[in-house]
Amino acid sequence: MRVLLVGSGGREHALAWAISASPLLETLWCAPGNPGIAEHATCVPIPATDIAGLVRFARDHAVDLVVPGPEAPLVAGLADACAREGIACFGPSGPAARLEGSKAFAKEVCLAAGVPTARASVFDDAEAAIAHVRREGAPIVVKADGLAAGKGVTVAATVEEGIAAVEAAMRARVHGEAGARILIEECLAGEEVSFFALCDGTHAVAFGSAQDHKRVGEGETGPNTGGMGAYSPTPRFDREAERRAIETIVTPVLAEMKRRGSPFVGVLFCGLMLTDTGPKVLEFNVRFGDPECQVLMLRLMDDLLVAMRAACDGMLDRFSVRLGPEAALGVVLAARGYPGTPEGGTEIRGIEQAAALPGVTIFHAGTRREGNRLLAAGGRVLTVCATGADLAEARSRAYAAVDRIDWAGGFCRRDIGWRALSR
Ligand code: AMP
Ligand code: GLY
């Protein structure tokens with residue numbers, strides 16, 4: 001198969017790594033890619049959001065399958081544009097990608113499908129939203145409706161904080177047009193898990209689950225990030241819980257999307273809160289998580305291209321995805337300043353020695369090469385991953401590799417996996 005992967009992060013490096021292990025692969029390109037991805041694919045300088053450019057490249061190079069990593073090209077209609085050219089795309093159409101692109105839409109689908117989720121109200125008017133925050137009291141959650149680069153959610157501990165979040169989104173427009181409409185949601189308590197389902201429009205198959213660490217600081221402190229580390233499996237969400245989630249969450253959502261004329265194909269990422277009364281949906285994403293993807297790919301025993309192809313062909317009936325018994329844990333190394341403005345251009349040394357340690361795989365995100373030197377070029381720069389017989393072993397191997405890397409401009413959390421490991 002001739003495959004075009006889209007994106008440039010740690011998630012896409014992990015996808016490139018897994019795809020390149022497939023005997024079905026003939027050629028792999030990645031747009032735009034990064035220096036780690038370049039070890040598995042030919043990188044082409046097309047931005048991930050240049051839909052016309054991506055489709056032109058796919059057509060000109062007789063690509064059989066397009067694999068978008070991030071959500072932006074999906075929301076912008078990459079799968080639709082591929083479909084018009086008769087090119088398979090492992091990802092949802094623009095209308096189906098609204099499950100991530102609009103939180104109000106996702107909520108509406110959950111309600112129509114009878115899927116457990118936090119109670120929410122939708123507002124287009126700041127005055128009415130503020131009155132609602134006052135009426136409901138705190139804690140309360142304020143969410144921008146649209147894509148806000150992971151920064152659109154405020155879990156407000158006080159009414160004042162809730163009101164400030166409404167004003168920031170709707171009046172100051174800190175999230176741009178994404179905040180013109182907001183959701184005000186009941187605050188759920190519990191542990192969060194990222195659950196992934198492979199979907200072919202009708203059938204869904206569990207792809208495994210992981211736990212992410214969203215806050216920048218140890219002990220879940222400081223601002224939210226794209227994710228500072230992840231591990232899989234998750235002790236609180238076993239294969240039986242995954243089976244139930246397919247039955248009670250994913251399958252009803254697929255049926256509802258199909259009924260609306262927008263069948264969902266690709267990976268449905270369910271952000272779940274494990275509450276006292278069972279799992280409830282916090283959000284949907286229409287792609288793999290980053291860094292969750294990195295640890296899932298390390299555990300995957302099957303051919304990723306076969307699984308993606310089966311999803312595109314509507315063949316997931318009686319399909320299954322096997323993850324190995326080993327645990328995997330990934331630590332994100334970020335550039336100083338992240339999640340604010342990261343310091344770029346600092347040199348990273350010792351990656352090869354770190355990657356040679358037992359069980360270790362290192363995925364690149366924001367890196368670039370300058371001659372023989374590897375430099376930081378982004379917020380999240382590397383995901384240092386390891387597998388092990390259990391999470392404790394995976395963690396000690398991953399941190400042994402982190403400690404081998406010589407990078408004064410970077411930092412990481414030292415407590416990835418604490419929830420599972422302190423149990
Ligand atoms: P989201 O982008 O919707 O996943 O929200 C980002 C983060 O905000 C989630 O990972 C949760 O930690 C938190 N969050 C979102 N919705 C809720 C909720 N209803 N109750 C409590 N925490 C929430
Ligand atoms: N790690 C969470 C996400 O990819 O959205």
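Read-outs: derived from the displayed coordinates by stated rules, not from any lab. Source: prediction; values computed, not measured. Ideal geometry is used to build each Cβ from the backbone, glycine not excepted, and the neighbour counts take in all protein chains shown.
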*Read phi for every residue in the stretch 371-387 and hand back ³J(HN,Hα) as whole Hz from Karplus 6.51 cos²θ - 1.76 cosθ + 1.60, θ = phi - 60°, with x for Gly and Pro.*
x, 8, 8, 9, 10, 6, 8, x, x, 7, 10, 9, 10, 8, 10, 8, 9
*With a ≥ b ≥ c the root eigenvalues of the C-alpha gyration tensor of the stretch 170-329, is it rounded (a/c under 1.5), prolate (a/b larger than b/c) or oblate?*
oblate
*For the stretch 187-257 and the stretch 13-55, what is the separation of their Cα centres, given in Å?*
26
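Which order results if 231, 338, 399 are arranged by neighbouring Cβ count within 10 Å, fewest first?
399, 338, 231
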*Check the cysteines of the chain one by one and keep only those with no other cysteine Cβ under 4.7 Å from their own.*
30, 43, 110, 187, 199, 270, 293, 312, 385, 412
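Neighbouring Cβ atoms within 10 Å as the yardstick, rank 1, 273 fewest first.
1, 273
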_Extension gain from residue 218 to residue 276, taking 0.36 nm per residue of separation minus the Cα-Cα distance_ = 18.3 nm
*Is the stretch 232-312 best put as rounded, prolate or oblate by its Cα gyration tensor, with a ≥ b ≥ c the root eigenvalues, rounded for a/c under 1.5, and otherwise prolate when a/b is larger than b/c, oblate when not?*
oblate
*Contour excess over end-to-end distance, with Cα ends at residue 56 and residue 244 and 0.36 nm allotted per residue*: 63.6 nm
_Computed lengthening from residue 320 to residue 85, 0.36 nm per intervening residue step minus Cα-Cα distance_ = 81.7 nm
*Using modelled backbone amide H atoms (1.01 Å from N, in-plane), which distant-in-sequence or interchain residues come within less than 5 Å of residue 229's amide H?*
213, 332
*Please report, for the Cα atoms of the stretch 284-395, the Rg to one decimal and the Dmax as a whole number; what are they, in angstrom?*
16.8, 49
_147, 28 arranged by Cβ crowding within 10 Å, fewest neighbours leading_ = 147, 28
*Globularity index of the stretch 77-226, i.e. its alpha-carbon radius of gyration over 2.2 N^0.38 Å*: 1.16
*asked:* Ignoring everything except DSSP H segments at least 4 long, calculate the 222 nm mean residue ellipticity for the chain; use -39,500 (n - 2.57) per segment, divide by total residues, nearest 500.
replied: -7500 deg cm²/dmol
*Quote the Stokes-Einstein diffusion coefficient, in whole µm² s⁻¹, for the stretch 29-100, based on the Kirkwood radius over alpha carbon pairs, a temperature of 25 °C and a viscosity of 0.890 mPa s.*
201
*Taking only Cα atoms and a 10 Å spring cutoff, compute GNM fluctuations for the chain and point out the largest among 289, 359, 340.*
340
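Taking each pair of different alpha-carbon atoms in the stretch 138-207 once, compute 1/r for the pair, average those values, and report the inverse of that mean as the Kirkwood hydrodynamic radius in Å to one decimal.
Hydrodynamic radius (Kirkwood, Cα only) of the stretch 138-207 equals 13.6 Å.
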_Percentage, to the nearest whole number, of Cα pairs in the stretch 117-158 over 16 Å apart_ = 38
*Name the lysines eligible as straight-distance cross-link partners of residue 258: C-alpha to C-alpha under 20 Å, and not fewer than 8 places from it in the same chain.*
103, 107
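Based on the alpha-carbon gyration tensor of the chain and its eigenvalue square roots a ≥ b ≥ c, which shape applies: rounded if a/c is under 1.5, prolate if not and a/b is larger than b/c, or oblate?
rounded
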